[in-house]
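The values are calculated or read from the model by the stated rules, or taken from the named source; none is laboratory data. None of the values given here were measured: they were computed from a predicted structure. Positions of Cβ are generated from backbone atoms using ideal geometry, with glycine treated the same way; all protein chains shown enter the neighbour counts. Areas reflect the complete protein model, heavy atoms only, side chains present, ligands, DNA and RNA absent. Shrake-Rupley method; radii C 1.70, N 1.55, O 1.52, S 1.80 Å.
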Amino acid sequence: MLLRHRNEAVLLAVAAAVALFLWLRTPDWLTAASKESPEILNSTLGFQHIFAINLPSRTDRRDAMTLAAALTELGITWVDGVAGKDVLDKVLPGGSSSRHGGFTAGNKGSWRAHMDVLQRIIHENVTSALILEDDADWDVRLKTQMQVFAQAARAFTQPLNGQPLAEQYRKHPHPEFAVHKLPQRIMLHPHLTPYGDDWDVLWLGHCGTEFPTTPAPNKPPPLRVTIPNDMTVPSPKHLKPHPFALQDAFAEQYPPHTRVVHASSGTTCTQAYAVSQQGARKLLWRFGLQTLTTGWDLMLRDWCDGLFTGAADPDTAAAADAGVDSGQSRGPPVCVTVQPPLFSHHYGKGAASDIMAPGGGFVNSKKEMTPYVRVSVRLNMERLLEGQGGQEQWEEEEPM
Ligand SMILES: *[C@@H]1O[C@H](CO)[C@@H](O)[C@H](O)[C@H]1NC(C)=O
Ligand SMILES: *[C@@H]1O[C@H](CO)[C@@H](O)[C@H](O)[C@H]1NC(C)=O
């Protein structure tokens, strides 16, 4: 009898310890988030489409990405990339062209490929789409990461008493909320996309971004939404865009394993970004028809930073008049990003010994790696094919 009681006590203690462990391991924001937007678990991450851009001659990249998508239950639609030499000078927007410095044949091809996707999104009246470059990689837990991101993004994309939270806190010096402390009504279900109803770009894969600082009406708002205790975030020493880069500034400002969602500012590289129908229309008008000066990612950066917004730019008013938006005057485009990014550039084993990293620097291509992604799909394809779970790419990480 006594023995049985003791056994029961031991069992209870073990159960309590396990429960505490699970509770610590699964923060409430994760549980809440996964109940919020079940459609994000579908094969297009809650967007209407996932488009992936690939130059047909790069069959290697199409093979790898097809497999990576299949192994993580993603449905991608291929869009052919464009070679720079196939872009005629006469199709370039009038106000700009290759006579500007810093604009290469590669830039031309990339510009056209991205314009082609935007054109298709508009032509097919796609509500929202994720656009991937064919060297993008992601974590095997992408779908749950996206559910949490969606909840944070709504502080920027969903009106709360008429205005998104990010707008209401525009004048505060350092507004910040943890995702599970956002006012409840932000969590109300949006009807256009699970990421919110009023946004232009969700910049999910980049090679660097900054927190917005200048509190001006035509600049991105300074709000930050943190995702604490996110064990899919690598430890601080791995938070850098390529192996020889300095650690990202944000890694020193937040406790380890914090992800931060904020308006895009100075963001570069376009491994992955989502556009809404309204975003696609504005972008095609601006960069398909008006302005072409440099690489696509740098133009998108400037656009999100509000460089084309405001009274100083009469073209913006014209866009509103043309029915691109509802006609009401508004601030800069709504571009939301995240640090560390949820998609990143995969460095495969190349033939050359060194390759140029996006955003500068060299990477030794003998060692495969993907910055920012703890359990990379590309690095785990063989394991996943054999029905095994994914493995950490950095051995010294603490277990999950
Ligand atoms: C995934 O969900 C989104 C949003 O509800 C929807 O538009 C899209 O069609 C869904 N994807 C698939 C493949 O059903
Ligand atoms: C595009 O889709 C929206 C709903 O997502 C609808 O209201 C609109 O009428 C559609 N436009 C066209 C031209 O079909």
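The set of residues in segment 257-278 that are more than 16 Å from ligand 1 (Cβ to nearest atom) and buried (at least 24 other Cβ atoms within 10 Å of the Cβ) comprises Arg259, Val261, His262, Ala263, Ser264, Thr267, Cys269, Thr270, Gln271, Ala272, Tyr273.
Here's the yes/no breakdown for (1) at pLDDT 65 or above; (2) not in a helix (DSSP H, G or I):
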site: Ala19; (1), (2): no, no
site: Ala33; (1), (2): no, no
site: Pro56; (1), (2): yes, yes
site: Leu67; (1), (2): yes, no
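Among the residues of segment 163-207, those that are under 18 Å from Pro333 (Cα atoms), open to solvent by 10 Å² or more (accessible area, probe 1.4 Å) and part of a strand (DSSP E or B) comprise Gln163, Pro164.
Summed over segment 214-230, residues that are in contact with a Ser or Thr (Cβ under 7 Å, 6 or more places away or on another chain) and open to solvent by 20 Å² or more (accessible area, probe 1.4 Å) total 2. Quick check: is even one residue across segment 180-195 touching an Asp or Glu at 6+ places or on another chain (Cβ under 7 Å), within 16 Å of ligand 2 (Cβ to nearest atom) and in contact (Cβ under 8 Å) with a residue 60 or more places away in the chain? Yes. In segment 112-162, the residue that is surrounded by the fewest Cβ atoms within 10 Å (Cβ to Cβ) out of those that are of a type in the set (Val, Ile, Thr) and more than 16 Å from ligand 1 (Cβ to nearest atom) is Ile122.
When the criteria are applied in full, Pro220 fails the requirement of being more than 17 Å from the chain's Cα centre (by Cα) and either at positive phi or touching a residue at least 12 places away in the same chain (Cβ under 8 Å) (or both). Filtering segment 69-85 to residues that are of a type in the set (Val, Ile, Thr) and in contact (Cβ under 8 Å) with a residue 40 or more places away in the chain leaves Thr72, Ile76, Val79.
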